[in-house]
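Encoded as structure tokens, the structure appears first; notes follow it.
Every read-out reported here was derived from the displayed coordinates using simple, explicitly stated rules and does not represent laboratory data. The model shown is predicted, which means the values in this text are computed figures rather than measured ones. Don't worry about glycine lacking a Cβ; one is built from the backbone with ideal geometry, like all the others, and counts go over all protein chains shown.
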Protein chains: 2
Amino acid sequence: MSTRIHHPGLRAKVMSAEQAAAFIQPGTTVGMSGFTGSGYPKAVPAALAERITAAHARGEQFQINLHTGASTSTEMDGALAEAGGIALRTPFQSDPTMRKKINAGEIEYIDTHLSHLAQTVWNGFYGPMRTAVIEVSAIREDGTLVPSSSVGNNKSWLDLADQVILEVNSWQSEDLEGMHDVYYGTALPPHRKPVLVNSPSDRIGQPYFECDPEKVVAVVETHGPDRNSPFKPADDASIAIAQHLVEFFEHEVAQGRYDERLLPLQSGVGNIANAVMAELVKSRFTGLTAFTEVVQDGMLDALDSGTLAMASATAFSLSTESAERFNANAAKYRDKLILRTQEISNHPELVRRLGILAMNGMIEADLYGNVNSTHLMGTKMMNGLGGSGDFARNAFTSFFLTPSIAKGGDISCIVPMVSHVDHTEHDVHVVVTEQGLADLRGLSPKQRARKIIDTCAHPDYRDQLEDYYQRALAGSGGLHTPHLIGEALSWHQRFLDTGTMKQG
Amino acid sequence: MSTRIHHPGLRAKVMSAEQAAAFIQPGTTVGMSGFTGSGYPKAVPAALAERITAAHARGEQFQINLHTGASTSTEMDGALAEAGGIALRTPFQSDPTMRKKINAGEIEYIDTHLSHLAQTVWNGFYGPMRTAVIEVSAIREDGTLVPSSSVGNNKSWLDLADQVILEVNSWQSEDLEGMHDVYYGTALPPHRKPVLVNSPSDRIGQPYFECDPEKVVAVVETHGPDRNSPFKPADDASIAIAQHLVEFFEHEVAQGRYDERLLPLQSGVGNIANAVMAELVKSRFTGLTAFTEVVQDGMLDALDSGTLAMASATAFSLSTESAERFNANAAKYRDKLILRTQEISNHPELVRRLGILAMNGMIEADLYGNVNSTHLMGTKMMNGLGGSGDFARNAFTSFFLTPSIAKGGDISCIVPMVSHVDHTEHDVHVVVTEQGLADLRGLSPKQRARKIIDTCAHPDYRDQLEDYYQRALAGSGGLHTPHLIGEALSWHQRFLDTGTMKQG
């Protein structure tokens, strides 16, 4: 038996994933661990999916409502979606099967600011949470739990659930112990107090989860890797976007608006975010900090090079190679990394106080700086907005990044009007494509349109955007935000009709 | 000479408004006081408008960039807009002449979260602030300043401006002294500290503005009332909306989700907000608190009745009658009212911590709970979003309120897709019209649509909305947020073409 379970009472509750999954009943709400494919339970969800499939085969109904930290993996979201086992899903997902079922109208999905979910579940209007299924890296002798590679909402789910299933994953490095900062000071209003983080490196919590051993109904041992995010070499567009950003940082330092250490960085997930870190590593900047959600490969490299002095996050999202490197050197990284609960990693109070430089990807932006992070052609959910709103709204500077075109040029990521708004004109300070960087701060809507067309749009679409904008200036009802309201979404309709946004 | 100017050096600088206005030069940035028509300078703006008009008559260019707290009055925004004297305006306005010029494309306007402007001006990318023109109610012997009926951004403008013009308005009650709480603890990152307000009644600042007397170039004496907001008896729709809200509060108390004192209230400006206060006064609720921007007539009544124990705000917006009542009894209200800088009254950190119940008006909402607070038919600026975003995003519960129809029924305020988004689906918890209250918390987009059509839409538009929604369910690209993207804004186009959103 695993040497990771040091509490005798909990050691006595070790059982198979199938036996554990039998504790989860149809129609109940389950809180599971998992954030950007790390720290999710590796065995119980698949066993639950089998149980659900078997129930369906017998003609019985069996669905659950599922809350997590953020995205998980094919083994979890994929398996449960495939089994038709999910009625309601919050707050974020990125699994292909689940996405398909959401867009087919078979799963109700609530795309939620990641800092907001815990308080709403605590407040009770999602109903009671029957079960928590949480991956940990060890159980200590006193029953406290060493978190694994993500913290997410686990503290809340452990506190709220009537019964708890623990997965102890021996694949996770034992040296994770001590890296986490679990804050037990949150409360519902009117009992809230200031969150006393004044720098990304401040610790305010404890390294372990509390959990009443009496509530634990099952302990399952696993040895499985996190979902790996295959590392792709940065493409030319990502490198160009990253270079524009680093140049902008240099410019702001020269203007005296950022100091040499910049401000704490928040960086979204994906190849552009990795490219930004790679460009920073190449730059003269050093001793920076990150206050972000996710530690990706690029951030690990930046910690190695000293470009980053430390990073605060709630989860990892690593390639196989980087995960191996991290596991082999976790003790070394422990002094430079803090993993917090997502309420704290994304807390609006802290994002505002620390003055974050928030860099997030997007699907499209429009002439006036509104951003769509979630919906393809206004109706299809891609993943979700995740923490982008938590960071962008309260950031000191908010950057939104995308290549200027997609689908081989048939989609312009700069459009007359976005087909869905996740970030309003008020929250979008800088738009960056491989074509250039548009600093929209202090600009009126028309001034923004001028800059976005000239700086960010792909040359193949620039004339078409200019044509729309000029006709809007001539024919708009009002000239504060000029639009031809009957034509504003015509680019999306054209793509749906003809397969391209390009005019014939 | 006024007995309100107790500093000898500043008494020596008393001059006429015309003389003071001569200090303001073309092409410069001016920070003026004023928030929802209170505490704005009464004389210098008009004198400046005359100076600008004369310059234009001589063929000279003369425009300024103008920052305030929020809206001012016809004497100020109206006069300066009429004179063609404004190049750029932030962060909020509500003047008819200025609105017309914004929508004619003659004034660049940046609609800004009210808690965000000060930090962006401090950070410097609006360029230097040459002049501050600030109304105060008295100058003390040591040169500190007693604020008047709004605090707004005055502390920042006094600190930032190269030169200061003070207006000392003897119409303002002398008993305002001691009511204000001016916080001097703000900073730019990385030097920010927690803002230690744990309850709406906590004071963290001082009752006076600091201002180096050397920077003061002119002192102008005035005796003029604030813009009055004529009190209109509540109409049936406002009363119905207010009743739905109070019923909802009762329901949440019964469910154990709010306690008997509710949570601190934020209430926007206008007749619906007054009606909400009136219904609360009639209800059994007592000893409530407000943490809000503006004290309106209804809030004064609620303080009188004990419904509200105290209110924290940044400004007044009173009818003539209520202003007289307030001035006659200011000493009495001083223990129950705190006027703060707008950075603090609207601070995201505090809105989140205190758990505000945020109630704001809107222009329209769509099936999925996106809200437009600012743009008529997607292009014409009405006023601005003001503090609605500061409060709604970080609120414990965010409510958006509107009658279900406008323009005698030719506009439905519930539409398939809003023509501009100020508050995304993620930030809109409850939508209320006179028809009913839709609690959208914990609902997916399609569940929200069902509830909004059934509960909030006007009967004249319900079939039309249902028809759109059913056709969207049948023909949408994706079924997460069903839309017919080519038709989503057709209601607005129909109104522009035919004068009504109703189908022929």
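Give me the log10 of I(q) over I(0) for the range A:236-460 at q = 0.10 Å⁻¹, as the Debye formula computes it from C-alpha points; what are the numbers?
Here the Debye-derived log intensity ratios amount to -0.42.
Taking 8 Å as the Cα distance limit and 6 or more residues as the minimum spacing, I'd like the relative contact order of the range A:236-460 as a percentage.
Details: 470 pairs, mean separation 43.1, N = 225.
For the range A:236-460, the relative contact order is 19 percent.
Of the options A:H67, A:L48, A:L158, report the single residue whose Cα projects farthest towards the positive end of the charge dipole of the range A:8-222 (beta-carbon charges: Lys, Arg +1; Asp, Glu -1).
So the residue we want is A:H67.
Over the range B:257-296, calculate the relative contact order: mean separation of alpha carbon pairs under 8 Å at least 6 apart, over the residue count, as a percent. Write out the running numbers ahead of the final one.
Values: 32 pairs, mean separation 24.8, N = 40.
So the answer I get is 62 percent.
Once you order the gyration tensor axes a ≥ b ≥ c over the Cα atoms, which shape class does the range B:315-428 get: rounded for a/c under 1.5, otherwise prolate or oblate by comparing a/b with b/c? Before the final figure, lay out the partial values.
Values: a/c = 2.68, a/b = 1.55, b/c = 1.72.
Note, shape of the range B:315-428 comes out oblate.
Given H placed 1.01 Å from N in the peptide plane, which residues other than close sequence neighbours of B:F316 have an amide H under 5 Å from its amide H?
It is B:V295, by chain and number.
Whole-Hz ³J(HN,Hα) for each residue in the range A:181-186, computed from phi via Karplus 6.51 cos²θ - 1.76 cosθ + 1.60 with θ = phi - 60°, x for glycine and proline: what do you get?
For the range A:181-186, the Karplus-derived couplings read 9, 9, 8, 9, x, 6 Hz, x marking Gly and Pro.
Which of the chymotrypsin sites (Phe, Trp or Tyr not before Pro) found in the range B:174-230 are in a DSSP loop and have at most 16 neighbouring Cβ atoms, other than their own, within 10 Å? Write out the running numbers ahead of the final one.
Numbers: sites: B:Y183, B:Y184, B:Y208, B:F209; in loops: B:Y183, B:Y184, B:Y208.
Here the sparse-neighbourhood loop sites are B:Y184.
Please compute the alpha carbon radius of gyration of the range B:249-329, then divide it by the globular-protein estimate 2.2 N^0.38 Å. Two decimals is fine. Don't jump to the answer; show the numbers that get you there.
On the way: Rg = 12.7 Å, N = 81, 2.2 N^0.38 = 11.7 Å.
Dividing the Cα Rg of the range B:249-329 by 2.2 N^0.38 Å gives 1.09.
By the scheme Lys and Arg +1, Asp and Glu -1, what is the net charge of all other residues having a beta-carbon under 14 Å from that of A:I344? Write out the running numbers ahead of the final one.
Values: positive: A:K155, A:R192, A:K193, A:R203, A:R340, A:R352, A:R353, B:R352, B:R353; negative: A:D181, A:D202, A:E293, A:E343, A:E349, A:D390, B:E349.
Local charge sum for A:I344: +2.
Would you mind ranking A:R58, B:R51 so that the residue whose beta carbon has the fewest other beta carbons within 10 Å leads the list?
On the way: A:R58 8, B:R51 19.
The order, fewest Cβ neighbours first, is A:R58, B:R51.
Please report, in whole Å, how far the alpha carbons of chain B spread along each principal axis, starting with the longest.
Extents along the principal axes, in whole Å: 75, 56, 47.
Over the range A:136-224, how many percent of alpha carbon pairs lie in each 5 Å bin up to the one with the longest distance?
Values per bin, smallest distances first: 3, 12, 22, 24, 19, 10, 7, 3, 0.
Please order A:D162, B:D304, B:D422 by the number of other Cβ within 10 Å, starting at the fewest.
Working: A:D162 12, B:D304 15, B:D422 27.
Exposure proxy ranking, most exposed first: A:D162, B:D304, B:D422.
Would you work out the charge dipole size for chain B about its Cα centre, treating the Cβ of every Lys and Arg as +1 and the Cβ of every Asp and Glu as -1, and quote it to the nearest 20 debye? Show your work: numbers first, answer last.
Working: 42 positive and 59 negative charges, 125 e Å.
Its charge dipole is roughly 600 debye.
Can you give the helix-only mean residue ellipticity at 222 nm for chain B, where every DSSP H stretch with n ≥ 4 adds -39500 (n - 2.57) and the sum goes over all residues, rounded to the nearest 500 deg cm²/dmol?
Values: 18 runs with 157 residues, N = 504.
Helix contribution divided over all residues of chain B: -8500 deg cm²/dmol.
What nm distances, shortest first, do you get from the label point of A:R261 to those in the other copies when the point sits 7 angstrom along Cα to Cβ?
4.0
With +1 on the Cβ of every Lys and Arg and -1 on the Cβ of every Asp and Glu, and nothing else charged, how large is the dipole of the protein assembly as shown about its Cα centre, in debye rounded to the nearest 20? Walk me through the intermediate numbers first.
Numbers: 84 positive and 118 negative charges, 35 e Å.
The dipole magnitude comes to about 160 debye.
So what's the gap between the Cα centers of the range A:283-297 and the range A:198-258, to the nearest angstrom?
Taking the Cα centre of each part, the range A:283-297 and the range A:198-258 sit 8 Å apart.
Once you sort the root eigenvalues of the Cα gyration tensor of the range A:303-372 as a ≥ b ≥ c, which label holds: rounded (a/c under 1.5), prolate (a/b larger than b/c) or oblate (the other case)?
Values: a/c = 2.40, a/b = 1.65, b/c = 1.45.
Prolate, since a/c reaches 1.5 and a/b exceeds b/c.
Among B:M377, A:M15, A:M417, what is the fewest-to-most ranking by other Cβ atoms within 10 Å? Mind dumping the intermediate values first?
Working: B:M377 22, A:M15 16, A:M417 29.
Ranked by crowding around the Cβ, least crowded first: A:M15, B:M377, A:M417.
In chain A, with Lys and Arg counted as +1 and Asp and Glu as -1 at Cβ, which of these residues, A:L308, A:M501, A:F125, has the Cα nearest the positive end of the dipole, that is, farthest along it?
Going by the charge dipole, the pick is A:F125.
In whole Hz, what ³J(HN,Hα) sequence does the range A:55-68 give by Karplus (6.51, -1.76, 1.60; θ = phi - 60°), x for Gly and Pro?
Result, ordered by residue: 4, 4, 5, 7, x, 8, 7, 7, 9, 10, 9, 10, 10, 9 Hz.
Can you quote the Å³ per residue value for the convex hull of the Cα atoms in the range B:8-222, rounded to an integer?
Details: hull volume 26.1 nm³, N = 215.
Dividing the Cα hull volume of the range B:8-222 by its residues yields 121 Å³.
Not counting the cut sites, what is the longest span of chain A without GluC sites (Glu not before Pro) that DSSP labels loop and that have at most 15 other Cβ atoms within 10 Å?
Between the exposed loop sites, the longest stretch runs A:261-504.
How far apart are the B:A331 label points across copies, placing each 7 Å from Cα toward Cβ, in nm, shortest first?
Nearest first, the other copies' label points are 7.3 nm away.
How far is A:G287 from the same spot in each other copy, in nm, shortest first, if each label point sits 7 Å from Cα toward Cβ?
Label point to label point, same position, other copies: 5.3 nm.
Each residue of the range A:310-323 in turn: what ³J(HN,Hα) in whole Hz from Karplus with 6.51, -1.76, 1.60 and θ = phi - 60°, glycine and Pro shown as x?
Residue by residue, the range A:310-323 yields 6, 9, 10, 8, 10, 6, 9, 8, 10, 6, 3, 5, 5, 4 Hz.
Within the set B:K232/B:K336; B:K42/B:K155; A:K101/A:K155, which residue pairs have Cα atoms separated by over 21 Å? Mind dumping the intermediate values first?
On the way: B:K232/B:K336 25 Å; B:K42/B:K155 19 Å; A:K101/A:K155 29 Å.
Exceeds cut-off: B:K232/B:K336; A:K101/A:K155.
For A:D162, what charge total do you get from the other residues with a beta carbon under 15 Å from its beta carbon, if Lys and Arg give +1 and Asp and Glu give -1?
On the way: positive: A:R130, A:K215; negative: A:D159, A:D212, A:E214.
Neighbour charge sum, excluding A:D162 itself: -1.
Taking amide H atoms as placed 1.01 Å from N in the peptide plane, list the residues 5 or more away in sequence, or in a different chain, whose amide H sits under 5 Å from that of B:S94.
HN-HN under 5 Å from B:S94: B:T72.
Return the loop-located trypsin sites (Lys or Arg not before Pro) in the range B:181-276 (DSSP other than H, G, I, E, B) with at most 16 other Cβ atoms within 10 Å of their own Cβ; answer none if there are none.
Values: sites: B:R192, B:R203, B:K215, B:R227, B:R257, B:R261; in loops: B:R192, B:R203, B:R227, B:R257, B:R261.
Filter output for the range B:181-276: B:R203, B:R257, B:R261.
Of all DSSP beta bridges located in the protein assembly as shown, what percent are antiparallel, nearest 5?
Numbers: 36 of 139 bridges.
Close to 25 percent.
Could you pull out every residue, at least 5 positions away or on a different chain, whose amide H is within less than 5 Å of the one on A:T481? Hs are placed 1.01 Å off N in the peptide plane, and Pro or chain starts have none.
Residues meeting the criterion, in which the H sits 1.01 Å from N, are B:M381.
How high is the relative contact order of chain A, given as a whole-number percent (alpha carbon pairs under 8 Å, six or more residues apart)? It would help to have the intermediate numbers written out before the result.
Working: 1187 pairs, mean separation 69.3, N = 504.
Computed over chain A, the figure is 14 percent.
With a ≥ b ≥ c taken as the square roots of the eigenvalues of the C-alpha gyration tensor of the range A:378-501, please select rounded if a/c is under 1.5 and otherwise prolate if a/b is larger than b/c or oblate if it is not?
rounded
To the nearest 20 Debye, how big is the dipole of the range A:208-295 about its Cα centre, given +1 on the beta carbon of each Lys and Arg and -1 on that of each Asp and Glu?
On the way: 7 positive and 14 negative charges, 49 e Å.
The dipole of the range A:208-295 has a size of about 240 debye.
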